[in-house]
């Protein structure tokens, strides 16, 4: 998708999952939503008014008129030989219940749209919610079609005289339509249950029965299609000599009964770790555990109850049809009660499942004692030499214009790195082939930011967190997009890849962002005091670490090993913490947040989301988050990433993210980060909340995320802790033996 020059992100939003205009403030967006609702309001009001009038119309007729019209419509004798007054009263009550059901379905549909549009929840535009909307609509249509033969036509004299053919074909057609729409609604609801269970499986990393729900879903489809034939062939007669549809109801009842059992068991398995005693948990984790336990219990009821209700109603109808006299008198009343109760229970439960009532941040997070301290200070931090180096780092910056000029120097038409490919060359490639050579001065070198600084020192307004493994063009596009005030960088990236740099520069100038300053490690760290002279000691050959090390020292376009700088600049790494420039980013962020008004962190999320797998990046993100630094997330596109799509690879990788699996270019860097984490489980929990939470970095990138997903991930982390405790206990027992 493309952005116009004037589109600006609201309040630093990372993206909008619904294509909302990025130039609008939150208040303007709410007003726009209300205007949209107001424009659609008359139509909705008219539909509900007609629904209410149809519901009230039968009360305008005398009971005698209604009774005779009912007999005429159903081609019954007017004498009470077949239909007594008692039978008529039950049928009449059934008709009214169907009207109540139709009116209730309309109100539920209206309430769903009201919540979806006005409250703008994170799930508002997910595929799951789109399917839910279709389900609510199909229920409303089904309810009204049911009234066509039983209420509307039988109570409207003109329709009864003009359009009702003696052969009863209209009744048959209306009945077929009702069955088909009802079938669609049931099929949709089971699909929603399957979607939720499938996402639970991914979050909990276990098979819990979503495939079985899919099988039951299609079994229900086959059985109900057989019922739509209206007896063109008989089902097996399982209920004595009862009509064929009694057997159909009995068989159909087994489907929701089994689905309810599968769903109940699945959520119970996920909830089990939150019920077990886990010694040694922090207060934060214990509170999170209690919240997840309660949330999963609520969702379990919401998923299982409508399925169980449907099964009970179908069983009741099957039993009632075993008695012909009973079924003849109460069939319409029983059917109306089943449809009304099932639809309302499903609708209310669905509101809970998608998070209308329960999607909220856990109460314990608001208490303030949760995750403020997740990283310990370094031992050398606070010394005079340390603070001087931090201040020196904080004083460096590059402008958006300087970054564009540097980008223009790359490639066949530029001055350096002729093999540069904007679609393939990574930031690491550019640092080795361009930044290092251009910043060398004699036998030493300077930070590239010092070479392009004009005039007095300009403190950076933003710090950019990115990964060197993504394309350099992505980094430049994201920074330029931020300077333009855009929430996504896809349009800028496309122009950079096509070589239209002058056009990007003109757009940036028009936005007044040419001199916007940024702190970017590739340019603001003196690479000659660190990595320029080599690649670190190689890990043991044949290991995964060696494979990563070997790949990390080769150009992504040519495949050749990077050139090594022969300067004599002293190199400082972890063994010299005070002189090293690569271990002070969090202190530098803290200093800049105090010295620069509205200082922010720009998070460049690459298309593969690998930023969340890099140890330094995750540490920076968490430190900025707990320090209260505003975070601006730049995405390739604002289009929401739907968790209910078939491909769950991205969600699977992020849901299982732990700092222990994060990577770093040098093992000593990873060890340094791990040594400073006070509580790994607590750190991981904060990372998950930082990514997926209501105020998290990706709150607008993911659609379809809510209460159940957060609770499932919490349970999975608790389960992992319990397994680790059991493994430690087992090792202790072995040692004693």
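The values are calculated or read from the model by the stated rules, or taken from the named source; none is laboratory data. Keep in mind it's a predicted model, so treat the numbers as computed, not measured. Backbone-built Cβ (ideal geometry, glycine too); neighbour counts: all protein chains shown.
Before moving on, here are some points about what is shown:
- Residues that are touching a strand residue (DSSP E or B) at 6+ places or on another chain (Cβ under 7 Å) number at least 2 in the following helices (runs of 4 or more DSSP H) confined to region 452-519: 472-484.
- Residues being in a loop (DSSP other than H, G, I, E, B) and touching a helix residue (DSSP H, G or I) at 6+ places or on another chain (Cβ under 7 Å) - total across region 521-531: 0
- Some residue of region 370-392 being touching a helix residue (DSSP H, G or I) at 6+ places or on another chain (Cβ under 8 Å), at pLDDT 90 or above and outside any helix (DSSP H, G or I): no
- Selected residue [surrounded by fewer than 19 Cβ atoms within 10 Å (Cβ to Cβ), in a helix (DSSP H, G or I) and at pLDDT 75 or above] from 401, 344: 344
- Number of the condition not met by residue 609 [criteria: (1) modelled with pLDDT under 85; (2) in contact with a helix residue (DSSP H, G or I) (Cβ under 7 Å, 6 or more places away or on another chain); (3) on the phi < 0 side of the Ramachandran plot]: (3)
- Evaluation of residue 278 against the conditions (1) buried (at least 19 other Cβ atoms within 10 Å of the Cβ); (2) under 31 Å from the mean Cα position of the chain (by Cα); (3) modelled with pLDDT under 75 shows that the sole unmet condition is (1).
- The single condition from (1) surrounded by 13 or more Cβ atoms within 10 Å (Cβ to Cβ); (2) assigned to a helix (DSSP H, G or I); (3) modelled with pLDDT under 80 that residue 366 fails is (1).
- In region 497-518, the residues that are closer than 16 Å to residue 604 by Cα and in contact with a helix residue (DSSP H, G or I) (Cβ under 7 Å, 6 or more places away or on another chain): 518
- Residue match in region 159-173 (condition: crowded, with 20+ Cβ neighbours inside 10 Å, at negative phi, modelled with pLDDT under 75 and outside any loop (DSSP other than H, G, I, E, B)): no
- Condition met for residue 587 (crowded, with 17+ Cβ neighbours inside 10 Å, modelled with pLDDT of 85 or more and under 19 Å from residue 430 (Cα atoms)): no
- Some residue of region 445-465 being buried (at least 24 other Cβ atoms within 10 Å of the Cβ), touching a helix residue (DSSP H, G or I) at 6+ places or on another chain (Cβ under 7 Å) and more than 17 Å from residue 524 (Cα to Cα): no
- Region 532-549 - residue that is part of a helix (DSSP H, G or I) and in contact (Cβ under 8 Å) with a residue 12 or more places away in the chain and, of those, farthest from residue 566 (Cα to Cα): 545
- Exactly one residue out of 587, 606 is in contact (Cβ under 8 Å) with a residue 40 or more places away in the chain and closer than 25 Å to residue 480 by Cα, and it is 606.
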